[in-house]
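What follows is calculated from the coordinates using simple rules that are stated; it is not laboratory data. If you're wondering where the values come from, they're calculated on a predicted model, not measured in any experiment. With ideal geometry, Cβ positions are generated from the backbone for all residues, glycine too; neighbour counts draw on all protein chains shown.
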Amino acid sequence: MSVLNIVIAGVGGQGNVMACQIIGMAAVEEGWQVSAADTFGVSQRGGAVMSHLRLARGRPYGPLIPAGEAHLVLGLEPLETVRVLRRYGNQQTRVMVNTRPNYPLAVLCGAAVYPDLNVLREAIGAHSAVMVEVPADRLAAEAGNLVTQNVVMTGALAGSGWLPLRLATFERVLASLFKGAVLESNLRAFRLGVAALAPEATAVAGV
Amino acid sequence: MEKKLMSGNEAIAYGAYLGRVRVAAAYPGTPSPEILENLVTYPGVYAEWAPNEKVAVDVAAGAAYAGRRALAAMKHVGLNVAADSLFYTSYTGMQAGLVIITCDDPAMHSSQNEQDNRHYARFAKVPMLEPSYSEEAKQFTKLAFDISEAFDTPVLVRSTTRISHSESIVQMEEPPSPTWEELPPYKRDPVKYVMVPANARRRHPIIEERLGKLAAYFEGLDINRIEMGDPALGIVTSGVSYQHAREVFPEASFLKLGTVWPLPVNKIREFASRVKRVVVIEELDPFLEEQLRLIGVECTGKKIFPILGEFNSGLVRDCARRGGLIAGEAAQEAAATAPSPPLAAELPPRPPMLCPGCAHRGMFYVLQHYKAVVLGDIGCYTLGAAPPLLALHTCGCMGASIGVAHGVDKAGCKDRKVAVIGDSTFFHAGIPPLIDVVYNKGATTVIVLDNRITAMTGHQDHPGSGRTLAKEPTVDIKIEDVARAVGFQKVDVVDPLDFKATRAIVKEHLESNEPSLIVARHPCVLYAREFKKPYQIDPEKCNDCGICRRIGCAPLIRADGKMAIDQLLCIGCGFCAQICGRKAITQVA
């Protein structure tokens, strides 16, 4: 594989950009060519957001992943995971998804219905090879801060063995990004994510 | 030296720092704000938020006149505001390098249009450089200062959202000295710097001559690079399109243009002579394509690649297949039209929305209640246009709201109407139209939604926030004082999360026949982070009337067929409790 394409999907405010930055920085430290593209601005106000992250050896790739070519999808929200999979997924795509829903405006005002979680699971299955569910809200609460759900998910991806990056590298990156109590809660969140995935990761490693 | 992952904006700031920029000014507009936010962190650089882009370019021009390298940065439409200043600096030139960064937004991720600012380079007769990734963003910005001084011209550097907000690897370099060199006495040269007609007439031929010299210099510059591959296909491209095209056509020959104005005409002709077919791949307008045609180079561009939106490698590949440049079926298109496995449910769309607890919601709820026509402006509050609030009816550009409202009023429209503008937007372009309303005896009501920060672009300070870009305390210019100073007599301040007070004041202002202004003041919840105990709904008292759903606040959800409040999302603003007729909503003890 000449390039590893990772899509991170979620809702503005969930920390998509931070998750992308942590993985990207870890990859740079391990000598990968990295290009990443984030959604900023108007979209961050509770809108659908997406980051593209591409790791390559040799020459760098452009910042955007072509449709149907995601190898990994890190889903911070189930509905948004389905949305990006329908565009970027394929039968080989591996998916890690936070199961906590976040309701869009149309659902809140009663103009639309949030799909049943089983329907979303089925849709994820139709556009991927492997799906792993992570209760990131529960683990983030355990880590002491609900806003660390993105770091829990990053930890889960790091612990899955799907990324060619070492856990120690991630922890060094976290230490360079945060200080004091914030670093402590992020490290806890990251490690809980890793631990949540470790057994399942061994199971799918043979896939 | 080490390598670092940087966004294009970080790399532009780093390049400016390496280029020994001393003074920088900007108004934050997506996708550009991170340039100044990064630049201010470097030693030996003075950087400030200006109230608008025109002021930013004037400040940078002044510094460059005085002999310091200077930079101004803005989003694409910001250059419309700053255009007057761009044009005079083109005529005057400067004593030290002046670089203006324009960040275009193809696909309008966060903008009102997708104008192509390459036209400004041609229009103002100044050079423009266009990097393709972060390392070039650094190099080109640094180089732009040298070009500016060598040719006595402001230099435009054009980024786009996918350059500014994409991250790639940048090579770190030796830091320059942070010590400011002593300035010579101010150089008084009125023939060069006082653009009265007689002097401007002398300057114009110099500008024309300058363009010729720049074109000759760009011919030999290595950032305009021929990369020979298979001569069957020659691709002329620049900016982010280069990356997409390189991915799709690994074998083809490329002319990668680092300077998009003026063009290295001879190099283009040479490239065209070495390949069988020339194809231009550029986002937005056929800017390069038209110039190639003008110099007699036969080429294809917009017949194959769209004029709308932004590119990605998948789209470029599909267009190339449809246009017969490469073999195979257009895969993305096939994927899009092929029956994707059907979903057992519709996927509801997720547009951006006002945050939980956002105080703008309170004012829009009241305006909706009075069925007022709302002439709007640019900021987070533009989201008030979306359902269920539906309380904003125009939005054109920064500062347009007040003038448009005055025009609606002078046209004799009898509907209740108000102008709604944010605090940062008010300082940007809201004051001259405010003066117009008073001066021309209008009766417009202006509502300034003052959340104490430039929220939408990521919480940048402004003249009313009490802090500078460097986070130093400074004067806090009160909007109500500005309104009174220009002659508004009816001025009130209200907290828009106080429903009854807001309703009463808005009613009073709508009924008055004089110019009036309301400052609706409540700090942005994301910035102030005043999280209080969440609220809850008593299912016994709730009769499911649906009123609370009309404010479109994310924590108010349906759970088991009833209204409920998501305790994790609610920040405890209490607005919903005030509008609930059944008193069913209370704060968690």
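Observations, loosely collected:
- Once the C-beta distance of B:Glu251 and A:Phe178 is scaled by a Förster radius of 56 Å, the resulting FRET efficiency is 0.80 to the nearest 0.05.
- Working note: 222 nm ellipticity from helices only, DSSP H runs with n ≥ 4, each -39,500 (n - 2.57), summed and divided by the residues of chain A, gives -14000 deg cm²/dmol to the nearest 500.
- DSSP finds beta bridges in chain B, and of those with both partners inside it, around 25 percent are antiparallel.
- Gyration tensor (alpha-carbon) shape descriptor, segment B:9-100, a/c threshold 1.5: oblate
- In this simple spin-label model, placing a label point 7 Å from the Cα along the Cα-to-Cβ direction at both B:Leu221 and B:His393 gives a separation of 5.0 nm.
- Antiparallel bridge percentage (DSSP; both residues within the protein assembly as shown; nearest 5): 35 percent
- When the Gaussian network model of chain A links Cα atoms closer than 10 Å, the mean-square fluctuations of A:Ser128, A:Ser185, A:Ser176 top out at A:Ser176.
- Taking the charge dipole of segment B:535-587 about its Cα centre, with +1 at Lys and Arg Cβ atoms and -1 at Asp and Glu Cβ atoms, the residue from B:Met563, B:Gly552, B:Ile585 reaching farthest to the positive side is B:Gly552.
- Of A:Trp32, B:Trp49, A:Trp162, B:Trp180, the sequence from fewest to most neighbouring Cβ atoms within 10 angstrom is B:Trp180, A:Trp32, A:Trp162, B:Trp49.
- Residues B:Leu5, B:Leu517, arranged from fewest to most other Cβ atoms within 10 angstrom of their Cβ, appear as B:Leu5, B:Leu517.
- Extension gain for A:Ala111 to A:Ala126 (0.36 nm times residue separation, less C-alpha to C-alpha distance): 2.7 nm.
- Between 0 and 90°, nearest 10: helix B:134-151 axis offset from chain B longest Cα axis: 70 degrees
- Cα-based helix-to-principal-axis angle, B:265-274 vs chain B, degrees rounded to 10: 70 degrees
- Mean separation of Cα pairs under 8 Å and 6 or more residues apart, divided by the residue count, gives chain B a relative contact order of 10 percent.
- 0 to 90° range, to nearest 10: angle between helix B:400-410 axis and chain B longest Cα axis: 60 degrees
- If both residues of a DSSP beta bridge must be in segment A:3-199, then about 50% of such bridges are antiparallel.
- Gyration tensor verdict on the protein assembly as shown (Cα atoms; rounded if a/c is under 1.5, prolate if a/b is larger than b/c, oblate otherwise): oblate
- Contact order relative to length of segment B:464-525, as percent, for alpha carbon pairs under 8 angstrom and 6 or more apart: 31 percent
- Efficiency of FRET between B:Cys545 and B:Ala504 - r from beta-carbon atoms, R0 35 angstrom, step 0.05: 0.95
- Hits among lysines - C-alpha to C-alpha of B:Lys276 under 20 Å, sequence gap 8 or more where chains match: B:Lys256, B:Lys267, B:Lys302, B:Lys303
- Of all lysines in the structure, the ones whose alpha carbon falls short of 30 Å from that of B:Lys583, not counting any fewer than 8 places away in one chain, are B:Lys371, B:Lys500, B:Lys507, B:Lys532, B:Lys533, B:Lys541, B:Lys562.
- Residue-averaged beta-carbon neighbours from other chains (10 angstrom radius) around B:562-571: 1
- By the count of other C-beta atoms within 10 Å, a proxy for reagent exposure, B:His109, B:His204 are ordered fewest to most as B:His204, B:His109.
- For a label point 7 Å along the Cα-to-beta-carbon line of B:Phe87, residues of segment B:190-212 with backbone N under 15 Å: B:195-197, B:200-201, B:204
- Cα-based shape type of chain A, given that a ≥ b ≥ c are square roots of the gyration tensor eigenvalues and the cut on a/c is 1.5: rounded
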